[in-house]
Amino acid sequence: MGEPGLRSKAAFKRLVTERTRLINQARYFLMKRGIRVRTGRHVFQEELMRLAAAGIVDLSNRSNRSCRMRRLKQTRSAAGLTPSALR
């Protein structure tokens, strides 16, 4: 079977690898929504705590789409590209 210490080291390495994978997936998810988080487990944890404490971040797809549409409308109106001007 192998030495018990080696099995626990391998298990620990698998757990760390899984944790890293999950953190990277979450960082990608946040990045797609315009929230940049630096690398590092502790940095990620602190940023999540800050976002949760602020309570202003809604990460649902629906709110993300509506936010993008609102920004698009604001950009178009600022550029004078309103629907009536396009007719």
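The values are calculated or read from the model by the stated rules, or taken from the named source; none is laboratory data. This structure is a prediction, so every number in the text was calculated from the model and none was measured. Because the Cβ atoms are built from the backbone with ideal geometry, glycine has one as well, and the counts that use them run over all protein chains shown. Surface accessibility is based on the protein's heavy atoms, side chains included, excluding ligands, DNA and RNA. Shrake-Rupley method; radii C 1.70, N 1.55, O 1.52, S 1.80 Å.
Assorted remarks:
- Failed item in (1) surrounded by 12 or more Cβ atoms within 10 Å (Cβ to Cβ); (2) at pLDDT below 85, with ASN24 passing the rest: (2)
- Pairs where the first residue, in the range 8-31, is free of Cβ contacts under 8 Å to residues at least 60 places away in the same chain and the second is assigned to a helix (DSSP H, G or I), C-beta under 7 Å, 6+ apart: ILE23/ARG41; ILE23/PHE44; ARG27/PHE44
- Qualifying residue in the range 53-69 (condition: open to solvent by 100 Å² or more (accessible area, probe 1.4 Å) and modelled with pLDDT of 90 or more): no
- LYS73, sole failed condition from (1) modelled with pLDDT of 85 or more; (2) open to solvent by 100 Å² or more (accessible area, probe 1.4 Å): (1)
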